[in-house]
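Here's the structure, in structure tokens; my notes come after.
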Amino acid sequence: MIAELQTLLSARSKLDNPETSMQAKASLKRLADEGVFVQVSAAISYARVALNPDEKREALTLLSSLQERQPEQAQLIEPELRRLKGLSS
């Protein structure tokens, strides 16, 4: 749990630097996909920094998958799903 949290915080801190932002996004995506404790937080963070259509599609896929696997997290996931779907309309 602590390792995932450290990775999440490290990735978030690297997002603002153009030299490390791609690595940070990859870390967030990996945590959202494979993490146990910080999946939702990582997926939401990834969705919020998704810039191009491919990243936005990946974010939608991650969030939709998490919503199916963790319905108890729907209150956190739903607003971000709506935001992303609104952007793609």
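Side notes on the structure shown:
- FRET efficiency for I2 and L87, using Cβ-Cβ distance with R0 set to 41 Å, rounded to 0.05: 0.75
- Counted over the chain with a bin width of 10 Å, the fraction of Cα pairs per bin, in whole percents, is 19, 52, 28, 2.
- Residue exposure proxy: L62, L51, ordered by other Cβ atoms within 10 angstrom of their Cβ from fewest to most, comes out as L51, L62.
- When you filter the GluC sites (Glu not before Pro) in segment 1-69 for DSSP loop state and at most 10 other Cβ atoms inside 10 Å of their Cβ, you are left with E19.
- Selection from S21, L84, Q70, by position along the positive dipole direction of segment 2-88 (Cβ): L84
- Kirkwood hydrodynamic radius of segment 1-53, Cα pairs, Å: 10.7 Å
- Per-residue HN-Hα couplings for segment 37-42 [Karplus 6.51, -1.76, 1.60; θ = phi - 60°; Hz; x = Gly/Pro]: 9, 10, 4, 5, 4, 5
- Likely footprinting exposure, V38, V49, fewest C-beta neighbours within 10 Å first: V49, V38
- Taking every C-alpha pair closer than 8 Å and separated by at least 6 residues, the mean separation divided by the residue count of the chain gives a relative contact order of 21 percent.
- Around the Cα centre of segment 10-89, unit charges on the Cβ atoms of Lys, Arg, Asp and Glu (plus for the first two, minus for the last two) sum to a dipole of about 160 debye.
- In sequence order, calculated HN-Hα J values of segment 65-80 (Karplus, 6.51, -1.76, 1.60; Hz; x Gly/Pro): 5, 5, 5, 5, 7, 10, x, 5, 9, 4, 4, 7, 7, 3, x, 6
Quick note: the coordinates plus some simple rules give every number you see, no bench work behind them. Owing to the predicted nature of the structure, the values given are computational and were not obtained by experimental measurement. Glycine also receives a Cβ, built like all others from the backbone with ideal geometry; neighbour counts cover every protein chain displayed.
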